[in-house]
1. Can you give me the number of residues within the range 566-590 that are surrounded by fewer than 15 Cβ atoms within 10 Å (Cβ to Cβ) and of a type outside the set (Val, Ile, Thr)?
2. When the residues of the range 62-80 are narrowed to those that are surrounded by fewer than 19 Cβ atoms within 10 Å (Cβ to Cβ) and outside any loop (DSSP other than H, G, I, E, B), which ends up nearest to ligand 4 (Cβ to nearest atom)?
3. Just a yes or no: is a residue in the range 471-481 assigned to a loop (DSSP other than H, G, I, E, B) and either open to solvent by less than 50 Å² (accessible area, probe 1.4 Å) or in the same structural domain as Leu105 (by TED's automatic domain parsing) (or both)?
4. Pick from Thr135, Thr142: which is hydroxyl-bearing (Ser, Thr, Tyr) and under 16 Å from the mean Cα position of the chain (by Cα)?
5. Just a yes or no: is a residue in the range 429-443 touching a Cys at 6+ places or on another chain (Cβ under 8 Å) and touching a residue at least 60 places away in the same chain (Cβ under 8 Å)?
6. How many of the residues in the range 174-192 are open to solvent by 10 Å² or more (accessible area, probe 1.4 Å) and either in a loop (DSSP other than H, G, I, E, B) or out of contact with any helix residue (DSSP H, G or I) (no Cβ under 8 Å at 6 or more places or on another chain) (or both)?
7. Please pick out the residue among Tyr451, Tyr431, Tyr393 that is modelled with pLDDT of 95 or more, within 16 Å of ligand 2 (Cβ to nearest atom) and not assigned by TED's automatic domain parsing to the domain that holds Trp117.
8. Would you mind stating whether Ala195 is in a helix (DSSP H, G or I), within 16 Å of ligand 4 (Cβ to nearest atom) and within 21 Å of Thr400 (Cα to Cα)?
Amino acid sequence: MASPAKAERPGKKAVLGGPATVVDTACPLDCPDACSLAVTVHHGTVMSLDGSENNPVTGGFICAKVRRFGERVYGPDRLLHPAVRKGRKGDGKFTRVTWDEALALVADRMRAAKAKWGGASILPYSYGGSNGLLTQDNLDATLWRRFGASRLARTLCAAPTGAANMALYGKMPSITYQDYPEAKLIVLWGVNPSASGIHLIPYVRDAQARGATLVVVDPRTTPLARSADVHLAVNPGTDVVVALAMHRHLFATGRADEAFLREHTRGAEQLRERAAEWTFERAASVAGVDAATLEHVAELYASSSPALVKCGWGLERNRNGGNAAMAVLALPAVGGKFGVRGGGYSMSNSASWNIDRTWIGAPEPDTRLVNMNHLGRALTEYRDPPVDVLFVYNCNPAATVPDQRRVLEGLGRDDLFTVVFEQVMTDTALYADVLLPATTFLEGYDFARAYGPISLELGRPVVDAVGESRSNADVFGELASRLGVLGEQEPAGELDLLVRVLDSLPGAIGADIRTGARPAPPFGSRPIQFVDVFPNTSDGRVDLFSAALEASAPRGLYRYQPDPATRQYPLALISPASDRTISSTLGELPRPDVKLLMHPADATARGLVDKDLVRVFNELGEVHCELSVTAAVRPGTVSLPKGLWRRSTRNGFTTTALTPDTLTDLGGGACFNDARVQVGSLATA
Ligand SMILES: Nc1nc2c(c(=O)[nH]1)N[C@H]1C(S)=C(S)[C@@H](COP(=O)(O)OP(=O)(O)OC[C@H]3O[C@@H](n4cnc5c(=O)[nH]c(N)nc54)[C@H](O)[C@@H]3O)O[C@H]1N2
Ligand SMILES: Nc1nc2c(c(=O)[nH]1)N[C@H]1C(S)=C(S)[C@@H](COP(=O)(O)OP(=O)(O)OC[C@H]3O[C@@H](n4cnc5c(=O)[nH]c(N)nc54)[C@H](O)[C@@H]3O)O[C@H]1N2
Ligand code: SF4
Ligand SMILES: [Mo]
């Protein structure tokens, strides 16, 4: 094919032994921003990564962790060749084999499992990985579907917010970063862009400089909460009642936009009824905030325009997370906030490109559907058939999936055949029977699709594959061929797939990318809701009371399920994104000690002081780490980072050891922020 736009130029830095080259690419990691990158390469080796100006939103700077990505590419944890297990599961002892031997073994074992138990005994297990279009949902999906493996419900993240956004608006594109400065009021709800999407920060600051009011709803005092006009430090899991009190206020004071509700929505009456019980006093007492402050926020929202609500992912990860997202996302419809630049809601824009993955060469079979949050159960409890082959790629479940103890117990099963296709020796890779080395995004093509701003950019290989690592498309193409499920004319590797995807992208996107232009969707990269974009629901209306969701939620829509805290485990544990890792990616790099954040009142009540070694425990497990006593987390809530590797705590268990595998009210999502724990001194344990 014609190679996509040339993207190399001489480096500014003179490097010992000759000049370096700067290669343009893009960051496809699971981060909303999808930065354009300028990678300095010297003699085929990555020297440094920086931001490039190609992307107007991320222009010029990138996060500190991806600056260190070279340490992953060439680090001691990198997997360099295929290998098979030598020692006990989890010991991490492997013998090198050839790709041919490794893939023959995997194919044989898959055939044997299918013959003995049926295809459903094979569980492909994947999540974001590099998160680009070429590293998932293409040849892998074709293989699993045609071979008849179990299906996986990819619910680790964004399942509740996704279900709510789909039901309400059919995932209508939302306000992008560039339009934040247009807003007079910004409500950041359960989101911490200082870690999780840093390119939003300058836009929020700009809005503040122009006089916008900032409200942050978060149990922690995040950097933006510190500079906010109002910080509502809610109890985790109570957002639904806070938002319902705001709805009640809109209806009760005649500020619900009745004309908009009549013309563009369904179900407003039912929402009004469900909100009616949530007076400020009642909601404030459940949420653990001051009623007058809550009223102030409701009044600010009712009286401001353009008003922007940013719905993050922190609020979805609990038993009420789906209804929280419903109530928060419904605010602009009831308050009549759409139709102006900077007014409406802001959430994931990943659906904006209307990409329907026509390149997956097979329909979904009707095989067993496994909720990925139930991996531990699936491995230890499922019978008829049991999980006989587990194929993990783009995911590190030993670190990132609820109920770590049970996940590890399952991975440790002697009779389970586990394939782990990875870049580095993760906690999961240690349990592999067969290890397959994967390329990183610096060694192959991938599409970086932003989900904060609306952008899509092709990432290119800047260096050759390290060791014998191969791309997902190459490996799944070859495995599918070996298993006889790939047609002669079908793409069988990364370059074939790249061409197929470029040809299948809707509109002129593929053509733009081929010529090096930045593609934009037909409605532009800064759509105004209800001017440029409209709900993609069946009748084009906002469905404020989806019958399907009402039937599926345990207590129905806009209902609150009470706090499960007990006297034994009274503290709510949350585990938000940290600036050190992307989920668990880059968690292998050396890092300072992990700390549990705890409010001074809770520490005093337990006789604990800053820097104590503590055990954080509940009926599922325990984590040993250092304590940080800080008023940056509300009383009654403690916080540990998401994405820790097992080596980063004192006892080899991490946050997910304390996380129940209960599911959210809508969408079957994970309840990472709904753990209840007790904390004690490790010295006196
Ligand atoms: N540096 C970095 N960036 C990332 C990631 C990463 O791991 N590291 N992960 C990426 C991914 S996969 C995702 S999904 C996004 C997530 O990005 P965010 O939407 O920012 O999600 P979290 O970091 O999970 O949580 C955000 C905030 O929600 C708060 N919170 C916790 N529980 C509740 C609650 O019940 N109610 C409210 N109102 N707030 C609550 C937390 O204190 C936290 O400050 O970030 C992406 N970007
Ligand atoms: N405690 C707690 N845990 C959480 C969360 C939380 O809030 N709290 N949040 C959750 C969230 S939001 C998410 S999105 C999940 C994410 O959880 P995971 O899906 O497990 O994400 P990562 O930890 O980034 O692991 C992705 C792995 O894929 C590998 N990889 C990357 N690119 C490729 C590739 O091209 N090919 C192959 N074969 N492998 C590749 C990387 O090396 C990495 O080890 O974590 C969840 N875990
Ligand atoms: S992780 Fe996010 S902020 Fe960091 S380089 Fe990638 S896209 Fe940019
Ligand atoms: Mo996520």
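The values are calculated or read from the model by the stated rules, or taken from the named source; none is laboratory data. Not measured: the values here are computed from a predicted model. In this analysis, Cβ positions are derived from the backbone assuming ideal geometry, glycine residues included, and neighbour counts consider all displayed protein chains. Accessible surface areas use protein heavy atoms only, side chains included; no ligands, DNA or RNA. Shrake-Rupley method; radii C 1.70, N 1.55, O 1.52, S 1.80 Å.
1. Keep residues of the range 566-590 that are surrounded by fewer than 15 Cβ atoms within 10 Å (Cβ to Cβ), which gives 566-568, 579, 590.
From what is left, the residues that are of a type outside the set (Val, Ile, Thr) are 567-568, 579, 590.
Final tally of qualifying residues: 4.
2. Here is the first cut: in the range 62-80, the residues surrounded by fewer than 19 Cβ atoms within 10 Å (Cβ to Cβ) are 64, 67-68, 71, 74-77, 80.
Those left that are additionally outside any loop (DSSP other than H, G, I, E, B): 64, 67, 71.
On the way: Ala64: 20, Arg67: 21, Glu71: 23 Å.
Of everything passing the filter in the range 62-80, Ala64 is nearest to ligand 4 (Cβ to nearest atom).
3. If we filter the range 471-481 for residues that are assigned to a loop (DSSP other than H, G, I, E, B), which is where we start, we get 471.
If we keep only those that are either open to solvent by less than 50 Å² (accessible area, probe 1.4 Å) or in the same structural domain as Leu105 (by TED's automatic domain parsing) (or both) too, we end up with 471.
The answer is yes, given that some residue of the range 471-481 is assigned to a loop (DSSP other than H, G, I, E, B) and either open to solvent by less than 50 Å² (accessible area, probe 1.4 Å) or in the same structural domain as Leu105 (by TED's automatic domain parsing) (or both).
4. Working: Thr142 fails: under 16 Å from the mean Cα position of the chain (by Cα).
Within the list Thr135, Thr142, the selection yields Thr135.
5. So the first thing to find is which residues in the range 429-443 are touching a Cys at 6+ places or on another chain (Cβ under 8 Å), and the list is 441.
This time we only want the ones that are touching a residue at least 60 places away in the same chain (Cβ under 8 Å), so: 441.
Yes, the range 429-443 has at least one match.
6. Qualifying residue count for the region: 4.
7. After applying the criteria, what remains is Tyr451.
8. Numbers: in a helix (DSSP H, G or I): yes; within 16 Å of ligand 4 (Cβ to nearest atom): yes; within 21 Å of Thr400 (Cα to Cα): yes.
For Ala195, the condition - in a helix (DSSP H, G or I), within 16 Å of ligand 4 (Cβ to nearest atom) and within 21 Å of Thr400 (Cα to Cα) - is met.
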